[in-house]
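Visitor: Shown below is the structure under consideration.
Where a number appears in this text, it was derived from the coordinates with a stated rule and is not lab data. These numbers were taken from a predicted model, which means no experiment stands behind them. When we count neighbours, we look across all protein chains shown, and the Cβ atoms used for this are built from the backbone with ideal geometry, even at glycine.
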Amino acid sequence: MKSIQVFDPTLCCSSGVCGVEVDQALVSFAADIDWARQNGAQIERFNLAQQPLAFAETPAVKNFLELSGQEGLPLTLVDGQIALAGRYPSRDDLARWSGIATNAAPAAGGCCAGSRCC
């Protein structure tokens with residue numbers, strides 16, 4: 001299985017899901033990470049405020065920051081290679097990189113069957 005590493009911008013806590021005004025993208029991403037891990041994905045997450053050494057010691061991340069700055073974060077590496085920058089990966093991204101099967105097709109007779117209502 002491929003290794004996924006997510007390098008977050010400075011967040012107030014390890015997940016960013018804390019405080020009074022919580023970013024919905026962080027809530028969704030935290031849920032997607034939990035789902036992927038429960039399905040066997042290997043995902044590590046690094047917060048610039050709490051783990052700056054991980055940013056400095058990972059060559060791809062260090063080079064990215066030198067070119068793009070912190071404004072380019074979050075950054076996602078798959079097996080040490082940049083896979084995504086500037087936004088968090090979706091559940092589909094995590095599944096694809098991890099080889100997790102998803103239920104992408106709606107069930108026959110579902111709300112989308114034979115129509116474009118969804």
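Visitor: Using 7 Å Cα-to-Cβ label points, what is the R87/E57 separation (nm, one decimal)?
Guide: That separation, rounded to one decimal, is 3.2 nm.
Visitor: Could you compute the FRET efficiency for K2 and Q70, with r as their C-beta to C-beta distance and R0 at 41 Å, rounded to 0.05?
Guide: Efficiency, rounded to the nearest 0.05: 0.95.
Visitor: Further, regarding this structure: Considering amide H positions built from the backbone, and no H for Pro or chain starts, which residues 5 or more places from F46, or on another chain, come under 5 Å of its amide H?
Guide: Close amide H contacts, sequence-distant or interchain: V6, F7, D8.
Visitor: Considering only DSSP states other than H, G, I, E and B, which GluC sites (Glu not before Pro) in the stretch 21-80 qualify as loop sites with at most 15 other Cβ atoms within 10 Å?
Guide: E21
Visitor: Quick check: from the Cα gyration tensor, does the stretch 3-98 come out rounded (a/c under 1.5), prolate or oblate?
Guide: Judged from the Cα gyration tensor, the stretch 3-98 comes out oblate (a/c at least 1.5, b/c at or above a/b).
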